[in-house]
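Everything on this sheet refers to the single structure shown next.
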Amino acid sequence: MTFEEFNINEKLLEAISYMHFEKASPIQEQAIPVAMEGHDVLACAQTGTGKTATFLIPILEDLVQNGAHGFTSLIVVPTRELAIQIDQELQGFSYFTDTTSKAVYGGDKGMDWDDQKRAFTEGTNVIVATPGRLIAHLRLGYVKCNNIRHLVLDEADRMLDMGFIDDIRQILGYIPKKRQTMMFSATMAPEIRKLANSILVNPQMISIAIAKPAEGVKQAAYMVHPYQKINLITHILAQNPDYDSILIFTSTKKLINSIVHSIRKTIQGIEVEGISSDFEQNEREDVLLRFKAKQTKILVATDVLSRGIDIKGINLVINFDVPRDAADYVHRVGRTARADAKGEAITFISEADIPKFVRIESLIEKSVEKLPLPAELGEAPVWKTPAEQSKKKRFYGKRSNGKRRFFKKNSRKENPRKGNTNQ
Ligand code: AMP
């Protein structure tokens, strides 16, 4: 389906064509017409599906057709990176219109606060904001919310994970009840449905497959002991000399520096940098810019970057550890193979990470190939699912000396009290 078929105005169509969007993606095809009719929308879609344009185009179409007076549209997102990125896409789409927009997020200097305040007091049309900073402005009383007619909650599952639910409820208290609300989430966990039920009115449900990595991503994993991980990175890089853009994810901020230093020490002359939420905002932007420009070959990041951040041409994502939340795996892996391209994702699984990876495989409904660890790195731990492990031993209680006692599942003799444990 082409964008002309949506019956949107010329100014938007021109911008869309400048952005090289030719055909609508599946979520755009399903959700844009419904949203343009003014319905509330509840969409289950991961990043990389084109969901940003799905809510931006109907909002801009309404503002161009029906006029925009002051603050009309609020987009709430979990992270500042996502706020900046959505605002950039918004500026692209609205280039030939009079619509104004501003990204509002925290963690920066007083000057930015003043700019944000000015955006509110001067009646900027579309605000893309993170919850905490938005509330800080709302509480000061100068934000006029009575014209708001569009509300978008993007990455709603992430916002709940990050503990923003109370903030979101507070924000809702400031916004007119009569409005169009669109909610996007990669997963539809019960809490998301509960939130949706309480804020959406007769929403149109749109589901773009369950959260699964895009088709173009080649996924693989290594069973590996923690001390073998850096050498394994060296091995992978040696095998793929053409790769010029590699993203390494780790769950812990603390590990970032040590990974960066170990790679620098092991591979002479390699351009590697780290990024985490501890960095100052402008530092984060500089690091991202250098990575986007391919001046940095390897970027080591926490999950802050895994959601929504759109960097084209990443050849390889390495999960230095297995993310706690299975949906984060999909987001991390989704950083490669954006929009129909090909990419590779390799996960390092230590013995302790096996249960988390089993949950991931069940979420993506796929068993990820476990590659043999190169012999020179030593012996790898064995991949054994919790189900396979429990076939071997079962825990029945403590001995009188306080130690745990295990019985083989099939051994009746060894467990006289319970009889046949197979029953
Ligand atoms: P999103 O899921 O909104 O983060 O979009 C992922 C990437 O796909 C972004 O770089 C978008 O600019 C791009 N994109 C979204 N929709 C289209 C489309 N219909 N045609 C081409 N690129 C698109």
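The values are calculated or read from the model by the stated rules, or taken from the named source; none is laboratory data. Note that the structure is a prediction, hence the values are computed from the model and not measured. Glycine also receives a Cβ, built like all others from the backbone with ideal geometry; neighbour counts cover every protein chain displayed. What goes into the accessible areas is simple: the full protein's heavy atoms, side chains included, and nothing from ligands, DNA or RNA. Shrake-Rupley method; radii C 1.70, N 1.55, O 1.52, S 1.80 Å.
So which residues in the stretch 285-318 are of a type in the set (Lys, Arg) and open to solvent by 10 Å² or more (accessible area, probe 1.4 Å), if there are any at all?
Those that are of a type in the set (Lys, Arg) and open to solvent by 10 Å² or more (accessible area, probe 1.4 Å): 290, 292, 294, 297, 312.
Could you check, for the stretch 242-251, whether at least one of its residues is outside the structural domain of residue 87 (by TED's automatic domain parsing), within 16 Å of the ligand (Cβ to nearest atom) and of a type in the set (A, V, I, L, M, F, W, C)?
Just the residues of the stretch 242-251 that are outside the structural domain of residue 87 (by TED's automatic domain parsing), to begin with: 242-251.
After this cut, where a residue has to be within 16 Å of the ligand (Cβ to nearest atom) as well, the list is 245, 247.
Now drop any that are not of a type in the set (A, V, I, L, M, F, W, C), which leaves 247.
So far as the stretch 242-251 goes, yes, one or more of its residues are outside the structural domain of residue 87 (by TED's automatic domain parsing), within 16 Å of the ligand (Cβ to nearest atom) and of a type in the set (A, V, I, L, M, F, W, C).
Looking only at the stretch 73-98, count every residue that is in a helix (DSSP H, G or I) and either more than 14 Å from the ligand (Cβ to nearest atom) or under 21 Å from residue 204 (Cβ atoms) (or both) and tell me the total. Talk me through it step by step, then tell me what you get.
Quick first cut of the stretch 73-98, residues in a helix (DSSP H, G or I) only: 80-93.
Checking the rest, the ones that are also either more than 14 Å from the ligand (Cβ to nearest atom) or under 21 Å from residue 204 (Cβ atoms) (or both) come to 80.
The total comes to 1.
State whether one or more residues within the stretch 334-345 are open to solvent by less than 50 Å² (accessible area, probe 1.4 Å) and modelled with pLDDT of 90 or more. Walk me through how you get there before you give the answer.
Initially, the stretch 334-345 is screened for residues open to solvent by less than 50 Å² (accessible area, probe 1.4 Å), giving 334-338, 341, 343-345.
Among the residues that remain, those that are also modelled with pLDDT of 90 or more are: 344-345.
The answer is yes; a qualifying residue exists.
Return the total of residues in the stretch 252-271 being open to solvent by less than 20 Å² (accessible area, probe 1.4 Å) and either outside the structural domain of residue 312 (by TED's automatic domain parsing) or more than 25 Å from the chain's Cα centre (by Cα) (or both). Steps first, answer last, please.
So the first thing to find is which residues in the stretch 252-271 are open to solvent by less than 20 Å² (accessible area, probe 1.4 Å), and the list is 256, 259-260, 263.
So of that shortlist, the ones also either outside the structural domain of residue 312 (by TED's automatic domain parsing) or more than 25 Å from the chain's Cα centre (by Cα) (or both) come out as 263.
Number of matching residues: 1.
When you look at residue 321, is it open to solvent by 10 Å² or more (accessible area, probe 1.4 Å), acidic (Asp, Glu), assigned to a loop (DSSP other than H, G, I, E, B) and at pLDDT below 85, yes or no? Before you say what the answer is, go through the steps one by one.
Details: open to solvent by 10 Å² or more (accessible area, probe 1.4 Å): yes; acidic (Asp, Glu): yes; assigned to a loop (DSSP other than H, G, I, E, B): yes; at pLDDT below 85: no.
Here the answer is no, as residue 321 does not meet what is asked.
Tally time: how many residues in the stretch 359-373 are surrounded by fewer than 17 Cβ atoms within 10 Å (Cβ to Cβ) and under 20 Å from residue 229 (Cα atoms)?
4
Just to be sure, is residue 59 surrounded by 23 or more Cβ atoms within 10 Å (Cβ to Cβ) and more than 9 Å from the ligand (Cβ to nearest atom)? Explain how you work it out, then say what you get.
Numbers: surrounded by 23 or more Cβ atoms within 10 Å (Cβ to Cβ): yes; more than 9 Å from the ligand (Cβ to nearest atom): yes.
Yes, satisfied.
Can we say residue 141 is assigned to a helix (DSSP H, G or I) and more than 29 Å from residue 322 (Cβ to Cβ)? I'd like the intermediate steps shown before the answer.
On the way: assigned to a helix (DSSP H, G or I): no; more than 29 Å from residue 322 (Cβ to Cβ): yes.
It is false that residue 141 is assigned to a helix (DSSP H, G or I) and more than 29 Å from residue 322 (Cβ to Cβ).
For the stretch 126-163, which positions are β-branched (Val, Ile, Thr) and open to solvent by 10 Å² or more (accessible area, probe 1.4 Å)?
130, 143
Between 148, 135, which is assigned to a helix (DSSP H, G or I) and of a type in the set (Val, Ile, Thr)? Show your work before the answer.
Values: 148 fails: assigned to a helix (DSSP H, G or I).
So the residue among 148, 135 that is assigned to a helix (DSSP H, G or I) and of a type in the set (Val, Ile, Thr) is 135.
Checking residue 207 against (1) in contact (Cβ under 8 Å) with a residue 60 or more places away in the chain; (2) touching an Asp or Glu at 6+ places or on another chain (Cβ under 8 Å); (3) exposed (fewer than 15 other Cβ atoms within 10 Å of the Cβ): exactly one of these is not met. Which one?
Of the numbered conditions (1) in contact (Cβ under 8 Å) with a residue 60 or more places away in the chain; (2) touching an Asp or Glu at 6+ places or on another chain (Cβ under 8 Å); (3) exposed (fewer than 15 other Cβ atoms within 10 Å of the Cβ), the odd one out for residue 207 is (2).
State all residues of the stretch 236-252 that are assigned to a helix (DSSP H, G or I) and in contact with a strand residue (DSSP E or B) (Cβ under 9 Å, 6 or more places away or on another chain); if no residue qualifies, say none. Spell out how you get there, then give the answer.
Within the stretch 236-252, the first condition is being assigned to a helix (DSSP H, G or I), and the residues that meet it are 236-239.
Matches in the stretch 236-252: 236, 237.
Of all residues in the stretch 9-35, which are of a type in the set (A, V, I, L, M, F, W, C) and either open to solvent by 10 Å² or more (accessible area, probe 1.4 Å) or within 11 Å of the ligand (Cβ to nearest atom) (or both)? Break it down stepwise before answering.
So the first thing to find is which residues in the stretch 9-35 are of a type in the set (A, V, I, L, M, F, W, C), and the list is 12-13, 15-16, 19, 21, 24, 27, 31-32, 34-35.
Answer for the stretch 9-35, where residues must be of a type in the set (A, V, I, L, M, F, W, C) and either open to solvent by 10 Å² or more (accessible area, probe 1.4 Å) or within 11 Å of the ligand (Cβ to nearest atom) (or both): 13, 16, 19, 21, 24, 27, 32, 34.
Return yes or no: is residue 164 in contact with an Asp or Glu (Cβ under 8 Å, 6 or more places away or on another chain) and either of a type outside the set (S, T, N, Q) or farther than 18 Å from residue 130 by Cβ (or both)? Quick ask: steps written out before the conclusion?
Details: in contact with an Asp or Glu (Cβ under 8 Å, 6 or more places away or on another chain): no; either of a type outside the set (S, T, N, Q) or farther than 18 Å from residue 130 by Cβ (or both): yes.
For residue 164, the condition - in contact with an Asp or Glu (Cβ under 8 Å, 6 or more places away or on another chain) and either of a type outside the set (S, T, N, Q) or farther than 18 Å from residue 130 by Cβ (or both) - is not met.
Could you pull out the residue among 38, 70 that is away from the ligand (no atom under 14 Å from the Cβ), at pLDDT 95 or above, in contact with a Gly (Cβ under 7 Å, 6 or more places away or on another chain) and open to solvent by 10 Å² or more (accessible area, probe 1.4 Å)? Outline the logic, then answer.
Working: 38 fails: in contact with a Gly (Cβ under 7 Å, 6 or more places away or on another chain).
From the options 38, 70, the qualifying one is 70.
Give me the pairs, please: first residue somewhere in the stretch 31-52 and in a loop (DSSP other than H, G, I, E, B), second residue anywhere and within 12 Å of the ligand (Cβ to nearest atom) and among the aromatic types (Phe, Trp, Tyr), beta-carbon distance under 7 Å, and either six or more positions apart or on two chains.
45/184
Between residues in the stretch 75-104 that are in contact (Cβ under 8 Å) with a residue 40 or more places away in the chain and farther than 16 Å from residue 151 by Cα and residues that are away from the ligand (no atom under 14 Å from the Cβ) and not aliphatic (A, V, I, L, M), which pairs lie under 6 Å by C-beta distance while being six or more apart or on different chains?
Within 6 Å, the pairs are 80/105; 80/130; 96/11; 96/14; 97/11.
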